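The values are calculated or read from the model by the stated rules, or taken from the named source; none is laboratory data. None of these values were measured; they are calculated from a predicted model. Note that each Cβ is placed from the backbone with ideal geometry, even for glycine, and that neighbours are counted across all protein chains shown. Areas reflect the complete protein model, heavy atoms only, side chains present, ligands, DNA and RNA absent. Shrake-Rupley method; radii C 1.70, N 1.55, O 1.52, S 1.80 Å.
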Amino acid sequence: MDTIFAQATASGRAGVSIIRLSGDQAFSIASEFCNVPVTGRSGLRFVRAADGSLIDRALVLFFEAGASFTGEQVIEFHVHGGLATVAKLLAELSEFDGCRLANPGEFTRRALENGQLDLNQVEALSDLIDAETESQRKQAICVLEGSFGELGEVWRADLLRAVALIEASIDFSDEEIPDDLYLEVAELVGKTSVSVSSVLDRSSIAVKIRSGFTVAIVGTPNVGKSTLLNAIAGRQAAITSDVAGTTRDVIETRVDLKGLAVTFLDTAGLHVSNDPIENLGISMAYKRSDTADVRIFLVEQATEALPFPARPSDFVVLNKSDLRAKAGLSVSGKTGEGVSELLHLIAESLLKKTSLDVVAIRERQVKGLNAANTLLLNVIALTEQKPLPFELASQELYFALTELDFVFGKIDIENVLDEIFSSFCLGK
Amino acid sequence: MFHVKQFDVVVVGGGHAGCEALHAACRYGLRAALVTLDKTKIGVMSCNPAIGGLGKGHLVREIDALDGIMGVAADVSGIQFRLLNRSKGPAVQGPRTQSDRWLYLKAIQATLARESFTLIEGEVSALMSSSGVVTGVCLSDGLEVCASTVILTAGTFMRGTIHIGDERVSAGRMGEAAANELSVQMESLGATFGRLKTGTPPRLNGDTINWQCLEVQPADDDPVMLSFLSESPSVKQIVCGITHTNANTHDTIRKNLDRSAVYGGHIKGIGPRYCPSIEDKVTRFSDKTSHQIFLEPEGLFTNSVYPNGISTSLPEDIQYQYVRSILGLECVEILQPGYAIEYDFLNPQGLSSDLESGLLGGLFLAGQINGTTGYEEAAAQGLVAAIGVAKRLRGVSPVRFDRSTSYIGVMIDDLISRGATEPYRMFTSRAEFRLKLRADNADQRLTEQGYVSGCVSLKRFSKYTEKIEKLTFCRKALSTMAVSPNQARVAGIDLGLDGRRRNGHELLAIPGVSIQQLTVLEPSLIDSDAGALIQAGREALYVTYIERQGRDIAALARDLSIQIPTAFEYAGISGLSSEMIAKLSEARPRSLGAAKNIEGITPAALTAVLLRLKTQKLRKAI
């Protein structure tokens, strides 16, 4: 059985947040983060990520199987409640095989199954669980009535048909079935994937409004990225010098931009370096700028080749305008010229994003949609293989449907057969 | 009244379910009797002359893995072996053969003749019972056959009614009397029968078919057998003809639709969606101008041809008209008209997983009486019922049939948890753990269990252990391999240059990698058995998917063990929407695992149900 985890305290900013981990692997997984205290004792520990970076100094508790709330091995991390700390720890936990975010009521369910609760406790908890499932239901209803809900119906219909087409190709291959049904499968699944991605995008905007956007400043060494960041921050956040490669790590500064929380990242200069430490910084720079909402490509000449392709939301900015003639979008980090215009343009662009139809969904729903989307992309990749592995495409599609259970519930084989028999004249 | 000796089990009906049940009972060493209306019809193929196919071929392999008789009989009588989905993955390949009807029947009868049982010709008119437990059967001539258990495999005989146009005849098959008294007597015991319908096409005289103008479908060059014990076909392989209906055919059918028994309103029974009559095809898919027909010779020594694809309940004169409008059949003679048949069945939702009926203790039901269709589905149930009988009488260790380990398990679970609203047929798509349940590994899934239980002979078990030894040797050779990307390149396998060493199983899981390439890398594989290498390759193909499904299987097993009482009240469980309440109340799942399979059920709803179950249980404990 999977080892499961979840934030046990309310989400959002808090003094201390508790993250609970339960299952056969809880102890061994926790041991990857810190030296786990002996059972029944709490200990203050440096909790480190897989790459060795410090996540937080946290209070860690270990409960042995049979002596915990769920009856399984349980680890509790009491971390300082910053959103980033909690998010980091949850993300790190989900990297382990067989370790995943708990479903609604899953901790309680395990406690029940392992006989850890007496009647009074169950009844007391039942209110809690009812509330949990009830709120889920309410959300489902509101989701069903809203645009997401309508989408859910469309997803269901499209994926049901996709399953039916694959299954017809398998189970009725000796009958008069067109042999290019996989084209429609790829189309239906692709359409759903785009739609799921769009919900995810819109939901991530909702999260961004709360937790903030990121803007990465990228460019070749010594182009003046740190100087620009300092100008934006209005303070000396990054060390600047004339020596190329000064910024080896990623330096951030958080500013309020027309009411939006925006984190600006100053990244290491992108070039081929022989310095292993600088190279680490460079690869980090690529990674962080890839996930940023907006990237500012700082260049010295308008014709300069960019280190990687720009997206429509990115800006290409000519720097050190104090040293050259002005042309296009240009700034000078030193004199501050053009910086407020640039910030204005960025703010406009971010505000435009927030005006999209925002979908508020929960962390675990985001997880489900993300997982489903990955699986849908697997299906599409399989439909492009020759010979087409129908049974694998079907299996990936069913895995995706399971992830989408919370949106439209279980799809029954009888519905699949209905779709098959109403689409094709089959049977001898 | 005349009494014969006391039996352990009496099997009623000599069709595919009955024969398989009888033979399994004999393998268990039970004192068995077979009651059948006509002993010359034991093992007869009433409808299409073929065994196996997609899903069905899987069932035959599972029956065979438990030493059943269907696979071997199909192989010795097989006249056109074809592996369906040959170009697709092994999990969805289904072995199938067309059989010579007469040879098949002879093979079944000869196999049964080697066992010791009592054969009684007659019609069962009543079940005998005492305090809720069956004690035998009573025949219409007054003979009483006493037995501790009864396996009833009535096929289409219980209140069977044949329809041809507006003609209606009481019959179990063409030319054979129906069994009507038994239905009435069982109703007095509390049985509620439903009606199902199936149909069969006219049989054609092959000597009057113009074969020259027809496309043909040959047998496979490399025939795949249905039984694990068979090596190659026993008799000559034949080709089938292929022809098509046309606009004239459809016109004739449309014009005379009101004379069809089904469309004329004479039939109330529900037919299977996947065996539509030609009337159905023309009506429901009116934009389709042509339908394919396979002309399947029914044997090597007969002129009878089975036109697969045009079952009908139109009057005989119309059958002549439309059949003769088809290419190659312009002068054809009909040997026996097509017909529809309606018969009694019992909702299988009342059965135990051993197929024991709730009506009487010791009464087991198998085959069409449980709402299924197909020889393979029937035979599998006959086997399950016999194992159930052996368990009841001898306490043998049962063979476990689960959704995650066998197609038989999928079928039994579908029948008892969902019932049948139309004749139930197996498809591979019904098996959610399809990648694990392959035709090629049915023996690996079932034979050892069968041997322990007592229905598998030492001979088969030895052959099976031999296969496993070879496979183990081969698996070991594969798992001790440690191939670097550079070495792999020599064998023509491109792994990039990730520096990771891989074993043989991991290499085989990569699309396009063949056993031959591995032999270059690991010469000791040459000593491996060729069949074992192929089998190891099949296993490797799905291993990552099966691992991913492993957790689902564990979760299902856990949920199946959580029983839901029949009187469980869903209304009033907070957290359950009215839609969920309606679905659950209607389906009445027996376990949380069964609830999980209901259309539209969400994980949150299952949690709410579980919580109520646990609360009730704890309350009772106080």
Any residue that is open to solvent by 10 Å² or more (accessible area, probe 1.4 Å), more than 23 Å from B:Leu351 (Cβ to Cβ) and not in a loop (DSSP other than H, G, I, E, B) - is there at least one of those in the stretch B:412-423?
no
A careful count of residues in the stretch B:145-170 that are assigned to a loop (DSSP other than H, G, I, E, B) and either crowded, with 20+ Cβ neighbours inside 10 Å or modelled with pLDDT of 95 or more (or both) gives 8
Selection from the stretch B:486-521 of residues small (Gly, Ala, Ser), within 22 Å of B:Gly89 (Cβ to Cβ) and loosely packed, with under 12 Cβ neighbours inside 10 Å yields B:Gly512
Picking from B:Lys470, B:Lys391, B:Lys463, the residue that is in a helix (DSSP H, G or I), closer than 21 Å to B:Glu20 by Cα and open to solvent by 40 Å² or more (accessible area, probe 1.4 Å) would be B:Lys391
Condition set surrounded by 17 or more Cβ atoms within 10 Å (Cβ to Cβ) and more than 14 Å from chain A (Cβ to nearest Cβ), scope the stretch B:260-276, selection farthest from B:Thr198 (Cα to Cα): answer is B:Gly264
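Quick one: which residue in B:Gln368, B:Gln336 is under 17 Å from the mean Cα position of the chain (by Cα), closer than 29 Å to B:Leu204 by Cα and open to solvent by 20 Å² or more (accessible area, probe 1.4 Å)?
B:Gln368
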Checked against (1) closer than 29 Å to A:Asp174 by Cβ; (2) among the basic types (Lys, Arg); (3) out of contact with any Pro (no Cβ under 8 Å at 6 or more places or on another chain), B:Arg27 satisfies every condition except (1)
If we ask which residues in the stretch B:595-622 are surrounded by fewer than 18 Cβ atoms within 10 Å (Cβ to Cβ) and either at pLDDT 85 or above or away from chain A (no Cβ under 11 Å) (or both), their number turns out to be 0
Considering only strands (runs of 3 or more DSSP E) wholly within the stretch B:56-144, the ones with at least 2 residues that are open to solvent by 20 Å² or more (accessible area, probe 1.4 Å) and not small (Gly, Ala, Ser) are B:78-84, B:118-121, B:133-139
Here the residues within the stretch B:311-333 that are buried (at least 24 other Cβ atoms within 10 Å of the Cβ) and hydrophobic (A, V, I, L, M, F, W, C) are B:Leu314, B:Val323, B:Leu329
request  = Tell me, yes or no, whether the stretch B:345-359 has at least one residue that is surrounded by fewer than 24 Cβ atoms within 10 Å (Cβ to Cβ), without any contact (Cβ under 8 Å) to a residue 12 or more places away in the chain and within 14 Å of chain A (Cβ to nearest Cβ).
outcome  = no
B:Ser286 meets each of (1) open to solvent by 40 Å² or more (accessible area, probe 1.4 Å); (2) more than 14 Å from chain A (Cβ to nearest Cβ) with one exception, condition (2)
Taking the stretch B:566-593 and the residues there that are free of Cβ contacts under 8 Å to residues at least 12 places away in the same chain and within 18 Å of B:Lys617 (Cβ to Cβ), the one that is surrounded by the most Cβ atoms within 10 Å (Cβ to Cβ) would be B:Glu569
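Within the stretch B:177-214, how many residues are assigned to a strand (DSSP E or B) and open to solvent by 30 Å² or more (accessible area, probe 1.4 Å)?
Qualifying residue count, the stretch B:177-214: 2.
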Margin query: Condition (residue is within 30 Å of B:Gly531 (Cβ to Cβ), open to solvent by 20 Å² or more (accessible area, probe 1.4 Å) and free of Cβ contacts under 8 Å to residues at least 60 places away in the same chain) applied to the stretch B:225-244: is it met by at least one residue?
Written below: yes
Checked the stretch B:506-565 for anything within 12 Å of chain A (Cβ to nearest Cβ) and either within 16 Å of B:Val483 (Cβ to Cβ) or not in a helix (DSSP H, G or I) (or both); matches are B:Ala509, B:Pro511, B:Gly512, B:Ser561, B:Ile562
Note: among B:Ile369, B:Ile341, just one is within 22 Å of B:Val124 (Cα to Cα), of a type in the set (Val, Ile, Thr), part of a helix (DSSP H, G or I) and out of contact with any helix residue (DSSP H, G or I) (no Cβ under 8 Å at 6 or more places or on another chain), namely B:Ile369
Residue hits (the stretch A:1-57; within 14 Å of chain B (Cβ to nearest Cβ) and open to solvent by 70 Å² or more (accessible area, probe 1.4 Å)) are A:Met1, A:Asp24
Picked from the stretch A:10-50 (must be among the hydroxyl-bearing types (Ser, Thr, Tyr) and under 15 Å from A:Ala84 (Cα atoms)), the residue nearest to the chain's Cα centre (by Cα) is A:Ser11
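Conditions tested, residue by residue: (1) open to solvent by 20 Å² or more (accessible area, probe 1.4 Å); (2) at pLDDT 80 or above.
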| residue | (1), (2) |
| --- | --- |
| A:Ala302 | yes, no |
| A:Phe315 | yes, yes |
| A:Val331 | no, yes |
| A:Gly338 | no, yes |
**Prompt:** Do we have any residue at all in the stretch A:100-108 that's modelled with pLDDT under 50, within 26 Å of B:Ser577 (Cβ to Cβ) and either touching a Cys at 6+ places or on another chain (Cβ under 6 Å) or within 14 Å of another protein chain (Cβ to nearest Cβ) (or both)?
**Reply:** no
Restricting the stretch B:566-583 to residues that are out of contact with any Leu (no Cβ under 8 Å at 6 or more places or on another chain) and of a type in the set (Ser, Thr, Tyr), the one farthest from the other protein chains (Cβ to nearest Cβ) turns out to be B:Thr566
Within the stretch B:424-449, of all residues that are of a type in the set (S, T, N, Q) and buried (at least 22 other Cβ atoms within 10 Å of the Cβ), the one farthest from the chain's Cα centre (by Cα) is B:Thr447
When you check B:Arg403 against the structure, is it at pLDDT below 95 and open to solvent by 10 Å² or more (accessible area, probe 1.4 Å), yes or no? yes
Could you go through the stretch B:584-594 and let me know if any residue there is at the interface with chain A (Cβ under 10 Å from one of its Cβ atoms) and charged (D, E, K, R). no
Wholly inside the stretch B:1-52, strands (runs of 3 or more DSSP E) that include 2 or more residues that are at pLDDT below 95 and more than 19 Å from B:Ser125 (Cβ to Cβ) are none
- request: Would you confirm whether any residue within the stretch A:232-239 is surrounded by 17 or more Cβ atoms within 10 Å (Cβ to Cβ) and either at pLDDT 65 or above or part of a helix (DSSP H, G or I) (or both)?
  value: yes
Self-check item: B:Arg254 vs. criteria of a type in the set (Lys, Arg), over 30 Å from B:Gln444 (Cα atoms) and without any contact (Cβ under 8 Å) to a residue 40 or more places away in the chain
Solution: yes
